[in-house]
Amino acid sequence: MITGDRPVRVLYSFPHKLGAGRICYTAWQQVSGLAAAGAELVVFPGSVARPVVANNVITRTTLAYAGVRIPYRLLGTIRACALHDTIVAHRLANLAGQIDVVHAWPLGALKTLKTAKALGIPAVLERPNTHTRYAYDVVQKECDRIGVVLPPGAEHAYQEQVLLREEAEYKLADRLLCPSKFVAKTFLDEGFHSDKLALHQYGYDPAVNYPAQQSPKRHRGLKALFVGLCAVRKGLHFALQAWLQSKASSSGEFAIAGAFIPGYAEKLSSMLSHPSVRVLGHRDDVPELMRNSDVLVLPTIEEGSALVAAEARGSGCVLLVSEAAGAVCRHMHDALVHRVGDVPTLTQHLNMLHADRELLERLRIASLNTVNEITWEAAGRKLLTIYREVIQAHTKQSLWQDSRTRELEVAAPAH
């Protein structure tokens, strides 16, 4: 039990390269945000691309030694994550009494969660995406519908071994950390109780993503932007359909920043060749692209919580997103939100902003007014609050179980 003002002591387990791209960046920002919020962290990453420099953070790698990283390709991702998990579980056993809560990531958590349970330490499991079974199903159905074959080893290609391991991890965790209501819904639909789920959030870095100093001059046409891996799950085909059906395409521009998975660009070639569409490929100047765009279009069909949505808001770019994007926003207040696959509504939203620049500016101002609520530091404070709630609930449950055990012992007949 935590008493007084003592900091929460966290074991943070991440089986990948802390501080690299995508979820590795998310994990780095989580640790940094928690440190800023006052938690004390022992961080066990597979390896480190970017260290977290803070007095209250201790980092010890599991799959790297003296700067040399064990190649994941040699072991395979599943075996590498399992090895990480074994190492962290052993280290956790040696830290009994020094840890208040364990925070683990998928595929590298099974033994760690079992050890935490045996030691009576509450544990939470990060869910950077929807329930994996849901993710596999919805992406495969959409690929089949539009005729795109997922390449071998693709992130959302069905892998039974991954699914079974992750489902076992779900059961062992005290809480599943869901970064959006959409993610939580996929677990509720699979039969999980709401008490098992904790809603937190991701964020953005205001030092990187900030709006232009002056309100952007309105262009002749609407400037729309898509950012991310150009894959079926991101719904780029929906965005292109809506754009070309909208009046905005007559005078505006739709820029696409991201690499394509094999076969997807060929499937979309007729739409990508439209004069109003610019295919930029992978870009390192995304914050500047956002500052120079009116809207970010993200009609994703499956997502945890797209970081680009928060980054776009921080850059002064209005969101046109699906409900699956996991964006922190409100429809018609600071964004426009549509149902997954609803091309007519997305088309209508583009038409609205094309015709009504005052509406665009109102949404932009409302979005910027509350971006301080979605920074990584704000996310760290929220996550720390969840830790405290999980610890308190775990303590109450343990006390109840101890009391119940004593009652049964007293009531048991003497032999």
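If one computes the Cα centroid of segment 338-361 and of segment 182-249, what distance in Å separates the two points?
14 Å
Under unit Cβ charges (Lys, Arg +1; Asp, Glu -1), what dipole magnitude, rounded to 20 debye, does segment 116-262 have relative to its Cα centre?
So the magnitude is around 720 debye.
If you take every DSSP beta bridge fully contained in the chain, what fraction is antiparallel? Give it as a percent rounded to 5.
If I count the DSSP bridges inside the chain, around 5 percent turn out antiparallel.
Please identify, among V43, V328, V149, the residue showing maximal mean-square fluctuation in a Gaussian network model of the chain using a 10 angstrom Cα cutoff.
Maximum fluctuation in the GNM of the chain, among the listed residues, is at V149.
Quick one: Y25, Y387, Y158, fewest Cβ neighbours within 10 Å first, how do they rank?
Y158, Y25, Y387
What is the gain in length, in nm to one decimal, between L229 and R388 on full extension, counting 0.36 nm per residue of separation less the C-alpha to C-alpha distance?
53.7 nm
For the chain, how big is Rg over Rh, using alpha carbon atoms and the Kirkwood form of Rh?
That ratio equals 1.01.
At a Förster distance of 25 Å, what's the computed FRET efficiency of A355 paired with V208, Cβ-Cβ distance as r, to 0.05?
0.15
Report the extension gain between E288 and N56 in nm, rounded to one decimal, defined as 0.36 nm multiplied by the number of residues separating them, less their alpha carbon distance.
80.2 nm is the gain from fully extending E288 to N56.
Rank by packing, highest mean first: peptides 278-286, 78-86, 105-113, with packing defined as the count of other Cβ atoms within 10 Å averaged across residues.
In decreasing order of mean packing, 278-286, 78-86, 105-113 become 105-113, 78-86, 278-286.
D for segment 223-373, whole µm²/s, Stokes-Einstein with Kirkwood Rh over alpha-carbon pairs at 37 °C and 0.692 mPa s: what number?
219 µm²/s
Which value, to two decimals, describes the C-alpha radius of gyration of segment 75-155 once divided by 2.2 N^0.38 Å?
1.44
Rounded to the nearest 500, what is the 222 nm mean residue ellipticity of the chain from helices alone, with -39500 (n - 2.57) per DSSP H run of 4+ residues and division by all residues?
-13000 deg cm²/dmol
How large is the charge dipole for the chain, taken about the Cα centre, if only the Cβ atoms of Lys, Arg (+1) and Asp, Glu (-1) carry charge, to the nearest 20 debye?
Dipole magnitude for the chain comes out near 460 debye.
Which entries in the list K141/K196; K17/K114; K117/K171 go over 19 Å, if you measure between the two C-alpha atoms of each?
With Cα atoms farther than 19 Å apart: K141/K196; K17/K114.
Could you size up the charge dipole of segment 223-373 around its Cα centre, putting +1 on the beta carbon of Lys and Arg and -1 on that of Asp and Glu, and report it in debye to the nearest 20?
The calculated dipole for segment 223-373 is roughly 220 debye.
Among A64, A154, Y202, flag the residue with its Cα farthest along the positive direction of the charge dipole of the chain, charges on Cβ as +1 for Lys/Arg and -1 for Asp/Glu.
Towards the positive end, the residue furthest out is A64.
Ranked from highest to lowest mean number of other Cβ atoms within 10 Å per residue, what is the order of the peptides 198-205, 132-139, 319-326?
Ranking the peptides 198-205, 132-139, 319-326 by packing returns 319-326, 198-205, 132-139.
Values in this text are rule-based calculations from the coordinates and carry no lab data. Everything quoted here is computed from the prediction, not taken from an experiment. Virtual Cβ from ideal backbone geometry, glycine too; neighbours counted across all protein chains shown.
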